[in-house]
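A.B. asks: Okay, here's the structure, questions in a sec.
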Amino acid sequence: MERENFGTRFGVLVAMAGSAIGLGNLWRFPYLVGSYGGAAFVFVYIICVFILCLPILFSEVIIGRRSSSNAFGAYRKLAPGTKWKWLGVLSIVTPLIIVSYYSVVGGWGVEYFFKAAMFEFTTGVTRSELGSMFSKFTSSVWAPLMGHSIFLLLTAFIVISGVKSGIEKFGKIMMPLLFVLIIVIAVRAVTLPGAAEGLKYLFSPDFSKIDASVCSAALGQAFFSLSLGMGTMLTYGSYISKKENLAASSTYTAVSDTLFALLASCAIMPAVFAFGLNPQEGPSLVFETLPFIFSNMPMGGIVAILFFLALIVAALTSSISLYEVVVAYLVEEKQYTRRGASILVFIVAWVLGALCSLSFGPLSSFKIFGQTIFNLFDKLSANILMPVGGLLLVIFAGWVMKKDDVISEFTNGGTLKCNRKISGFVYFMIRYICPLIVIAVFASSLIF
Ligand code: PFF
């Protein structure tokens, strides 16, 4: 069967940027900025993205396009009969874990979108009522499960429609909309009286705050946000035609992802400061603190609807990329139909997600390594599985693949002049620097 490819250059970009831009930008990044001291974290994060993670992103896309294969098949094809197939296995299991807990948070977005549409935050509720609204909601059984089911169904539906007419088409419509939405919200937030404090918090770093924990959180977030180390960008890379410039698409992806994370923070932090709230709220920042802000800001009702719409759209374009990794594997390696594979993934991800969802309520006392199931999935994936996956794949590109093949893929057989000029440097980064730094940061986070 002929493999489907993305149809246009813009299609490649929106699909890759769509995968990168998601809850990681709107939900995870702002609360990490708050928890790890503001601008210092932003500074380390940007360095991680452009110096360390961009070459890893190149590597992942190169492996995908070179092999024209799903994440499991790629390692088998490029290094047949070796233990590298286990990296392939990791690249299928990790997205499955992430999509399940991701869908739970996406489901919270669905619920909050409906709440926003009913103007529930803006009808005279107090801050503590909003706090208890969130904890009451997440600890209940049915409402979050409903959100999770709706979100996962939407994801499955887009993936079933195929690479070109599902993933690419959805991205082409939704990604521009997403940027417009976040810009409107950011403009509203930074023009609030007292917003300047928030901007200072975001952009004026206190370098003394940088320590091992900040570096490891920033690196983990960079991996998460760029969708690295788990077969997603590899799978998308395999749908990119041989004529496209991989380095350009990857760089645009990193730039738009970072821009979006900064815009999202500009939409949130200035408002947090304008209302004298605490930026260190943690994961509930978006669901507790923001609704309070919406309830107090002029036109907050409309802004709330736009914000949660943006959150759902961003989350969907990412969850389809996770879902696609597993579907591509089942279709190509296990001869499933696209529909059959999507249904199977739905069932497994639904069950895992349901366990995550229930870990806020009836299963809250069930702990593994001292963590609830949801926290375990979140920490395990961003702090361990993704950096380990990323480390192994960059070692694969730097040490297992032939140098000529990597460079040829990077320069389209030597025809891209600009890429040719930087290829020596990029290869050096891939082979030596990236693996060393990832190991160092990883080790220091285990030691300190
Ligand atoms: N990059 C996505 C985000 O920032 O929300 C999350 C993600 C998607 C992680 C796809 C990993 C992945 F493979």
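A.B. asks: Taking θ = phi - 60°, what integer Hz values does the Karplus form 6.51 cos²θ - 1.76 cosθ + 1.60 yield along the range 290-298, in sequence order, with x for Gly and Pro?
C.D. replies: Whole-Hz 3J(HN,Hα) from phi for the range 290-298: 4, x, 5, 5, 4, 5, 10, 9, x.
A.B. asks: Can you pull out the trypsin sites (Lys or Arg not before Pro) in the range 204-255 that DSSP calls coil and that have at most 15 other Cβ atoms within 10 Å?
C.D. replies: 242, 243
A.B. asks: Under the rule of at least 5 residues apart or a separate chain, name every residue whose amide H is placed under 5 Å from the amide H of residue 244.
C.D. replies: Those qualifying (amide H under 5 Å, at least 5 residues apart or on another chain) number zero.
A.B. asks: Another one. Placing unit charges on C-beta atoms (Lys and Arg positive, Asp and Glu negative, everything else neutral), compute the dipole magnitude of the chain about its Cα centre in debye, rounded to 20.
C.D. replies: Computed about the Cα centre, the dipole is about 1140 debye.
A.B. asks: For residue 200, give me every one of the lysines with a C-alpha distance below 21 angstrom, ignoring sequence neighbours fewer than eight places off in its own chain.
C.D. replies: 209
A.B. asks: Would you list, by chain and number, the lysines whose Cα falls below 21 Å from the Cα of residue 136, excluding same-chain residues fewer than 8 positions away?
C.D. replies: Straight-distance partners of residue 136: 115, 367.
A.B. asks: Next question, about the same structure. Taking only Cα atoms and a 10 Å spring cutoff, compute GNM fluctuations for the chain and point out the largest among 312, 173, 21.
C.D. replies: 173
A.B. asks: What lysines sit close enough to residue 417 to cross-link, taking a C-alpha to C-alpha distance under 22 Å and skipping anything fewer than 8 places away on the same chain?
C.D. replies: Hits, sequence-local ones excluded: 242, 243, 402, 403.
A.B. asks: Here's another thing I want to ask about it. So what is the calculated 222 nm ellipticity per residue for the chain, using -39500 (n - 2.57) for each DSSP H run with n of 4 or more, over all residues, to the nearest 500 deg cm²/dmol?
C.D. replies: Dividing the helical sum by the residues of the chain leaves -22500 deg cm²/dmol.
A.B. asks: Read phi for every residue in the range 79-89 and hand back ³J(HN,Hα) as whole Hz from Karplus 6.51 cos²θ - 1.76 cosθ + 1.60, θ = phi - 60°, with x for Gly and Pro.
C.D. replies: Each residue's phi maps through the Karplus curve to give 9, x, x, 10, 6, 4, 4, 5, 5, x, 4 Hz.
A.B. asks: Helix 169-190: angle to the longest alpha-carbon principal axis of the chain, degrees 0 to 90, nearest 10?
C.D. replies: So the inclination is approximately 40 degrees.
A.B. asks: If you don't mind, another one. Quick one: 3J(HN,Hα) in Hz for the range 96-113, Karplus 6.51/-1.76/1.60 with θ = phi - 60°, rounded, Gly and Pro as x.
C.D. replies: Whole-Hz 3J(HN,Hα) from phi for the range 96-113: 5, 5, 5, 4, 6, 7, 4, 5, 5, 5, x, x, 4, x, 4, 4, 6, 5.
A.B. asks: Do any trypsin sites (Lys or Arg not before Pro) in the range 360-448 lie in a loop, going by DSSP, with at most 14 other beta-carbon atoms within 10 Å of their beta carbon, and if so which?
C.D. replies: Those satisfying the criteria are 367, 402.
A.B. asks: Within the range 254-344, list the trypsin sites (Lys or Arg not before Pro) lying in a DSSP loop whose Cβ has at most 14 other Cβ atoms in a 10 Å radius.
C.D. replies: Here the trypsin sites (Lys or Arg not before Pro) that fit, given the DSSP loop and packing criteria, are 334.
Computed from the coordinates by the stated procedures, all read-outs in this text should not be read as laboratory data. These figures come from a predicted structure and were not determined experimentally. When we count neighbours, we look across all protein chains shown, and the Cβ atoms used for this are built from the backbone with ideal geometry, even at glycine.
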